[in-house]
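The values are calculated or read from the model by the stated rules, or taken from the named source; none is laboratory data. Please read these numbers as outputs of a predicted model, since none were measured by experiment. Don't worry about glycine lacking a Cβ; one is built from the backbone with ideal geometry, like all the others, and counts go over all protein chains shown.
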Amino acid sequence: MFETLLLIRRDEGFIVSTVRRNLEQRAYTVLESGYDRDEIAKVKDLAAVIIVYADEDLDDVSAALLYLKEVCVDENRQIIVLGNPYEFEAVSRLVSSENIAELIERPINVESLVAAITTILDEQSMQQRKRCILVVDDDTTYLRTIRGWLKDRYRVGMANSGMQALTWLAGNTPDLILLDYDMPVTNGPQVMKMLHGEPGSSDIPVMFLTGKSDKQSIMEVLSLKPAGYLLKTIDRNSLLETLDNFFLDQMMKHSE
C-alpha cells in the first residue's frame, strides 16, 4: 500500500537523505519541507503522516513548530520526531507531548520508524470509519472544548465562521453539523440556508447550538426545522447521549 509522508527538516543532509531513501525503498512517497509555516501548509494535506527531523538548535524554527501544534490539534493528527533526548524535550515544549506519536532516537532504526508510521496509519483508518461531525462556532475556546468531548467517539471538523464552514464542506461531507445560532457576519440561519442551497450539502442534518433558552428564541430556532438544537450549557455526557441517540435514530430510519 502506497502512502505519502511529509518529512520536515532543516537541510538535506546525509542522514535525512538516508531516511528518505529507506522509506522510498519501502514504497512510501516522501515529500520534504523546511521549517517554514507556509511551506508546511502547502503540503501537509497531501501527507498521511508527518515526520519531524529535529536538530540541535530549534529556537529559530519555533513558529513552524507552533504551527504544527495547531495542525495536530485542529486536524486530530500526531507527528513522529527523530532526534536525541535534548531535541525531543525542545520539540515537546512547543508541540506538546500528547501530539507526538513516537520519539525515535538517532541513529535511526528504520524498522522502528516504519512501525510507528504503520501504527499512525492504522489509527487513521479506524478514525475514518467513525461518523464525522462538523462543529461551527465563532468562539474558538468553545470549539476546542466540544472537539475534546467528541474526538474519541467521532471524527470532528472545526470552523469558526460560516464562510470557513462552507470552505471545509467543499472538500468534506460530515454526517452532522453542529451550528452556532448566533455568529457575527454570517449567523447560523444564514449558513443553514446557504447549505440547503448547495447540492452537496443540502441533505446534511444540522443541529443548532444556542446560548438562549427563552421560549421565543427556541421557537425561532425550531422554525428553521433543524435536526435538533442544543443549549450551550449542555454537559459532555448529555451531548454524547444526544448525538448517539440521533445517529441511532438515523440508522433505524434508513433500515426501514
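Just for region 195-209: of the residues that are crowded, with 16+ Cβ neighbours inside 10 Å and at pLDDT 85 or above, which one is nearest to Thr140 (Cα to Cα)?
Step by step, filter region 195-209, then rank; the result is Leu209.
Looking only at residues that are touching a Phe, Trp or Tyr at 6+ places or on another chain (Cβ under 8 Å) and among the small types (Gly, Ala, Ser) in region 218-235, which one is farthest from Gln250 (Cα to Cα)?
Gly228
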Out of everything in region 11-56 that is modelled with pLDDT under 90, closer than 21 Å to Gly83 by Cα and charged (D, E, K, R), what residue ends up being surrounded by the most Cβ atoms within 10 Å (Cβ to Cβ)? Asp55
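Val91: buried (at least 19 other Cβ atoms within 10 Å of the Cβ), without any contact (Cβ under 8 Å) to a residue 60 or more places away in the chain and in a helix (DSSP H, G or I), yes or no? Even if it seems obvious, please write down each step before you answer.
Numbers: buried (at least 19 other Cβ atoms within 10 Å of the Cβ): yes; without any contact (Cβ under 8 Å) to a residue 60 or more places away in the chain: yes; in a helix (DSSP H, G or I): yes.
In short, yes.
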May I ask you to list the residues in region 43-82 that are over 21 Å from the mean Cα position of the chain (by Cα) and either of a type in the set (A, V, I, L, M) or on the phi > 0 side of the Ramachandran plot (or both)? Ala54, Leu58, Val61, Leu82
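Looking at Ala170, Ala165, which one is more than 12 Å from Val136 (Cβ to Cβ) and of a type in the set (A, V, I, L, M)? Spell out the reasoning first.
Details: Ala165 fails: more than 12 Å from Val136 (Cβ to Cβ).
Going through Ala170, Ala165 in turn, the sole match is Ala170.
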How many residues, within region 218-232, are out of contact with any helix residue (DSSP H, G or I) (no Cβ under 8 Å at 6 or more places or on another chain) and in contact (Cβ under 8 Å) with a residue 12 or more places away in the chain? 2
Taking the residues in region 49-73 that are of a type outside the set (Phe, Trp, Tyr) and in contact with a strand residue (DSSP E or B) (Cβ under 6 Å, 6 or more places away or on another chain) as candidates, determine which candidate is farthest from Leu150 (Cα to Cα). Ala54
For Leu230, are the conditions met, namely being hydrophobic (A, V, I, L, M, F, W, C) and surrounded by 15 or more Cβ atoms within 10 Å (Cβ to Cβ)? yes
